Amino acid sequence: MFKQSAQHIATYYAGTYPGQIPLRPSLPGSLHCDVLIIGGGFSGLHTALRLSLAGKRVVVLEASRLAWAASGRNGGQALLGWSCDMPPLEKALGHGRTLELWNSMRWAAEEIRELPERHGFDIDYRPGSLWAAVQQRRVGQLHEARREAEEKWGYSEMRVIEQDEIREWIDSPRYLAALYDPQAGHLNPLKLAQGLANAIEKAGGRIFEQSQVLDYRETADGFIARTDKGEVHSDQLVLACNAYVDRLDPQLSSRLLPVGSYQIATVPLAPDFARSLLPRNSCVIDNQFVPDYFRLTPDHRLLFGGGCTYLGGIPKDVASATRPYLERAFPQLRGVEFEYAWGGHIDVSMKRTPDIGRQGQRYWLQGFSGHGVLPTLAGARAVADAILGDETLLALYQGIDNPRFPGGALLAAPLEAAGKAWYRLRDVI
Ligand SMILES: Cc1cc2nc3c(=O)[nH]c(=O)nc-3n(C[C@H](O)[C@H](O)[C@H](O)COP(=O)(O)OP(=O)(O)OC[C@H]3O[C@@H](n4cnc5c(N)ncnc54)[C@H](O)[C@@H]3O)c2cc1C
């Protein structure tokens, strides 16, 4: 079973956080509130902020530290869209309702830029993302995606960077072309989580760390959630536990497969050399089935991720597992020293569709499938609106079917691993 932890793991974000990462108290005893949110990642924190600002009495319980899991370990790429891409959403919802969902994603891309300013914190946001093609046969996909975004979803901001221009954006022999999105960007996720937490507290919300919910039950008056030192009574409950929901809610965890994902941060590079790698400072993800993704940090490091594991674990030596991918993308970085290497878990749903909904007064957000920086914000808005009485957005998510993994994680993991091996093979042939 998932166990709480007292410290952040050694990520680039924790290692370079300015000053001490604030420590919140653990739950001291018995409390009453309107809404209890379990999980202090982006899903929980965004939901908590919106509800606190609307005057709800909110409590957040985080098992470890805020953003201890995926929200404090990710690549910081704030990309529009969902892991599943648009076809499964359109299949489930039809064109008109998918367009509404897409518009909420566009809202999230604006909101992530405005939130920090509104609440007085900094997330090192830099605009611009590239979706890059490695293989000639996948260059067409970029053009198709641009055309479809414009014609179907009314999104005409993107443009294709062709081969004759690509080295001005990514100084790598590996990439043939890329789709540039000026509305996407990259940011420091741990600063985002801490900024959200401060804003929640200013708005009257209460946050407790190292307060793992051991179980919860529904009563005639609402919910009672128990930690080892106390309990919270609430009218409504939001489960935002991501890949760690585990035995707390077997119904939710049966629809998720926790998959390991990992990345590295180099030592700070000479500023001019760092800038030469990504001259426009866009973040990059490629369009291989198992993508490499990378970006620069404000202190001139390259953050680089590539590869994932389906059998629960994260490689013992993340640095060695990642180096070949990094050196393949940037031969000029051969032998570069890494200062941080870490991994985390993503919450893969069967169709990689977001799994956000409610049953009575119990709400949940999960299934971001490795792409959650903006989708958690869009999802949190849907859940917070519904709790405040407007179900419009939540009804869209509720229209997406998220089946259980047949045979549970034990059977699903090897099947997914086999599937992934096949797709990786297709990436190289
Ligand atoms: C290595 C890596 C790279 C990634 N890169 C990107 C990227 O570049 N762009 C992008 O869009 N997405 C990326 N993602 C995905 C993204 O980080 C996640 O989708 C997003 O952070 C999910 O947020 P969350 O709040 O739902 O979950 P989490 O951040 O995982 O938070 C869940 C929280 O719930 C807590 N919890 C669980 N059980 C309990 C309990 N019983 N009691 C109390 N608390 C509990 C956990 O401790 C945890 O803090 C990446 C993920 C990883 C792991």
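Any idea which residue in the stretch 320-356 is surrounded by the most Cβ atoms within 10 Å (Cβ to Cβ), counting only those that are within 14 Å of the ligand (Cβ to nearest atom) and aliphatic (A, V, I, L, M)? Full working, then the answer.
If we filter the stretch 320-356 for residues that are within 14 Å of the ligand (Cβ to nearest atom), which is where we start, we get 321-322, 325, 340-349, 352-356.
Next cut, aliphatic (A, V, I, L, M) only: 321, 341, 346, 348, 356.
On the way: Ala321: 18, Ala341: 22, Ile346: 24, Val348: 24, Ile356: 28.
Top of the filtered list is Ile356.
Working only within the stretch 231-261, note down all residues that are within 17 Å of the chain's Cα centre (by Cα) and either part of a strand (DSSP E or B) or not hydroxyl-bearing (Ser, Thr, Tyr) (or both). First the steps, then the outcome.
Step one: list which residues in the stretch 231-261 are within 17 Å of the chain's Cα centre (by Cα), which gives 239-245, 256-261.
Residues satisfying the conditions are Leu239, Ala240, Cys241, Asn242, Ala243, Val245, Leu256, Leu257, Pro258, Val259, Gly260, Ser261.
Mind listing whichever residues of the stretch 254-275 are farther than 20 Å from Arg323 by Cβ and either crowded, with 23+ Cβ neighbours inside 10 Å or touching a residue at least 40 places away in the same chain (Cβ under 8 Å) (or both)?
Ser254, Arg255, Leu256, Leu257, Pro258, Val259
For the stretch 357-370, enumerate the residues that are near the ligand (Cβ under 7 Å from one of its atoms), in a strand (DSSP E or B) and hydrophobic (A, V, I, L, M, F, W, C).
First, the residues of the stretch 357-370 that are near the ligand (Cβ under 7 Å from one of its atoms): 365-366, 368, 370.
Remaining after also requiring in a strand (DSSP E or B): 365-366.
Within the stretch 357-370, just Leu365 meets the criteria.
Mind listing whichever residues of the stretch 227-254 are in contact with a Phe, Trp or Tyr (Cβ under 7 Å, 6 or more places away or on another chain) and of a type in the set (D, E, K, R)?
Listed by number, the list holds a single entry, Asp246.
Considering only the stretch 371-390, I want to know if a residue exists there that is more than 9 Å from the ligand (Cβ to nearest atom), part of a loop (DSSP other than H, G, I, E, B) and not hydrophobic (A, V, I, L, M, F, W, C).
The answer is yes; a qualifying residue exists.
Which condition does Thr353 not pass, out of (1) modelled with pLDDT under 95; (2) touching a Pro at 6+ places or on another chain (Cβ under 8 Å), if it passes all the others?
(1)
Among the strands (runs of 3 or more DSSP E) confined wholly to the stretch 151-230, which include 2 or more residues that are without any contact (Cβ under 8 Å) to a residue 60 or more places away in the chain?
Details: elements: 159-161, 177-186, 206-208, 215-219, 222-226.
Hits in the stretch 151-230: 159-161, 177-186, 215-219, 222-226.
The values are calculated or read from the model by the stated rules, or taken from the named source; none is laboratory data. Computed from a prediction, not measured in an experiment: that's the story for all the values here. FYI the Cβ positions are ideal-geometry reconstructions off the backbone, even for glycines, and counts take in every protein chain you see.
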